[in-house]
Structures are given as structure tokens and as C-alpha cells.
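What follows is one structure encoded as C-alpha cells, with my remarks underneath.
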Amino acid sequence: MVEDDLRAAFARHESLTPSTGPLRAAIDRIAATRRRRRQRFQAAGVTLALLAALGVGAPQLRPDRPASDSFQSGQSAGSSNGSLNVLLVGVDGFGEEPPYRLADSVLLVHVPADRSRPYLISLPRDLEVSVPGRGTDKLNSAFFTGATEPRPDLDAGYDLTRRVVADLTGVRVDAGAVLTFAGLRRITDAVDGVKVCLPKEVKSWHTRRTFPAGCQQLDGAASVDLLRQRRDLPSGALDRDRNAQRYVAALIRRAVAQDVLTNPARLAALLSAAGKGMTVDDDGLPLTRLMAVLPELKSVDPVGLSLPVGPPVHPSARLPLDPKQGPAFLAALGEDRLAQWVAQHPEQVNPTK
């Protein structure tokens, strides 16, 4: 009897129920957009990782891009002088348990307007910054805050990190990529390894492997092992940042030596290497337009630099911006004068080979 009454009640009110058609259509549109975005990210991933390090991804290549877009996305308009800035973020632990969401490596690639050569600028993960929604904290927490729980989102983590870096440096971030160590391993193997030159011996805390001083050929697994090391290094995470610069420089040289960046067939062979281990902020730039920028570079041999910081502040161990050299360095970056900065501060250059 109760069951019959319930059926009758549902039948009387069924006509009042709104159609689910519009809701389903909206959900399908959102899902399709997300799939297209992911497919574009994965297809462009390796391309941008390699080309981004060469300074590709320019606002002048996007004349149809609204001028206000940079402000809406948390970027400043610091690239009006013709220079390019590409943000590369390395994240450890994705796909592992627990799924870490801290950015172990944050690298800003600056290419001056004269296209002389790329500058690889390491931003310390422990740098003290202002993180929206979190207050004053370390730079690596920006990715954690943006990626959120329970399933880390590479795109969201990158977006907040980009906003923090743009606010910190005062320059526009034109493009960027997030690369997990799993993706990095696959990319390295896809180019048959890279030649990294170390000034001092490094012993792995994780595998007990010893990386001797000098130049050595590293496959994907060895590259990841090296880039994870900070314990027992004289300057800790700062030395790890310098090793990241050496790796990126070696990857660039390897790609150039194999004609990967100018050979469409070889470039296409790398497009799927990173898989889900990479996400890209390329604003949908066609590959052909990206490739057109390469001949402008006078040299692909990068200059390694580190943002000047002061001693750690205890007990948080945050690194404050150096009160004297920090603002001067950021002014040189914003005004596209890094060549002059390097000439005046040769001791600040990190050898990349």
C-alpha cells in the first residue's frame, strides 16, 4: 500500500520536474572543453618545455590577445619592452603516495628583446613571498595552495605560482610549463640522455648513487635522482636550483645537437613523451609560429642566475629578498638589462657547463 501511494505521488509531481536536457548539455560542454584543453596541453607539452627554455611564447605573436588578459590572469604587463619570460615549475611526487604538491624547482627563463641568449633565473623554493589565500609563506607553497585537495591539479597549481612570480618580479609571465619528475624522466630518455657537468661530487640521499665532479651522461632516472638532491649539499636547495639550471642547459644543447627544435619529424616524436607528467600554459600558440622565433636567437647557450636572497630567517627558514641586490636585480630584469647586471656582478653567474 505504501509503495502504491509513493508511486502515485511521484506520478502526480513528475510533470513539475524540470528537464535535465539543458543541465546535461552544460556538463557535456564543460567536459569537452576540459578534454580539449588537456589534449592541447599534452600535445604541446614537450614542445613548450624545450622551446620555452629558448624564450618562445611571445605576446607579440598573439596580436589578438586582449591587453587586459594579463591583469585578469594575475600577470603584469612587464614584457612591453619586447623581452620574453617563461616560467618552468618542477614538481616532485605526483602519481606517488602521498601526492606531494610542493614546487621543488621554480625557474624563470628570460629572453631579452635583442634575442642575445636565454637567462635561466632560479627562484628559491624557500623564498619568502605573499601567497593569495595563504599570507606570507615560502614560494613552493603557492603551488600547493593552488593545486588543492584531494586530487592535485597541475594547472591550478601553476596558475597561482605564476601569479605569485609575476607579483614578485614585476614582469609578465608570457608562457610556462609544469613538469613532474616522471615527465622529466621520459623527456630525458626521449633525447637519449643529457650531459651534465657538476663542479662538485653529489651523493644521492635517495639511491646512494654518487655523481662525480665533472661532466657525465645521465639518463632519465639519473637526471631525476640528481635533481631531487638537496640534503648534504653545501647550500642545500640553492645548490639543487643550480643543478636544475645545469640540467635545463644540457637539455637545450642536446635538443639543438639532435636537430630536434628545427626538425618537425623529430620534434613530433617527442610530443607525447611527457604524457600526463606535464601541463602547459602556451595560450594555444601554433607550433609553426613558435618555431619562427628560433632563428632570432643569437646563442642558445644560457646564462644561469639566482635571485639574490639574504640568510634564512629562523625558525621558518624562509629566505628574504636581499635588501640591496634583490631590488637592483629585479629592476634589471624588468628593464631588460640583465646583460649589464651580469657584467657588473660576474660572481652571481652560475656556470651551466
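At-a-glance table
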{"quantity": "Peptides ranked, highest mean first, by Cβ atoms within 10 Å: ranges 218-224, 302-308, 127-133, 104-110", "calculated": "104-110, 302-308, 218-224, 127-133"}
{"quantity": "For the range 134-144, Karplus couplings with θ = phi - 60° (6.51, -1.76, 1.60), whole Hz, Gly/Pro x", "calculated": "9, x, 6, 7, 6, 4, 5, 6, 5, 5, 4"}
{"quantity": "3J(HN,Hα) from dihedral phi, the range 109-119, Karplus parametrisation 6.51/-1.76/1.60, rounded to Hz, x for glycine, proline", "calculated": "9, 10, 10, x, 4, 7, 6, 5, 6, x, 10"}
{"quantity": "Placed amide H near Val309: partners under 5 Å, 5+ positions off or other chain", "calculated": "Asp322"}
{"quantity": "His314/Glu347 FRET efficiency (R0 25 Å; Cβ-Cβ; nearest 0.05)", "calculated": "0.45"}
{"quantity": "3J(HN,Hα) from dihedral phi, the range 208-215, Karplus parametrisation 6.51/-1.76/1.60, rounded to Hz, x for glycine, proline", "calculated": "6, 6, 10, 9, x, 5, x, 8"}
{"quantity": "Cα centroid separation, the range 100-151 to the range 212-243 (Å)", "calculated": "19 Å"}
{"quantity": "Cut-off under 5 Å, modelled amide H: who pairs with Phe211 long-range", "calculated": "Val202, Lys203, Ser204"}
{"quantity": "Long-range amide H partners of Ala103 with built H, under 5 Å", "calculated": "Phe143, Phe144"}
{"quantity": "Probe 1.4 Å, all protein chains present, accessible-area order of Asp225, Asp322, largest first", "calculated": "Asp322, Asp225"}
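The values are calculated or read from the model by the stated rules, or taken from the named source; none is laboratory data. A quick note: this is a predicted structure, and the numbers were derived from the prediction, not measured. Glycine gets a Cβ as well: all are built from the backbone with ideal geometry, and neighbour counts include every protein chain shown. These accessible areas exclude ligands, DNA and RNA; they are computed on the full protein's heavy atoms, side chains included. Shrake-Rupley method; radii C 1.70, N 1.55, O 1.52, S 1.80 Å.
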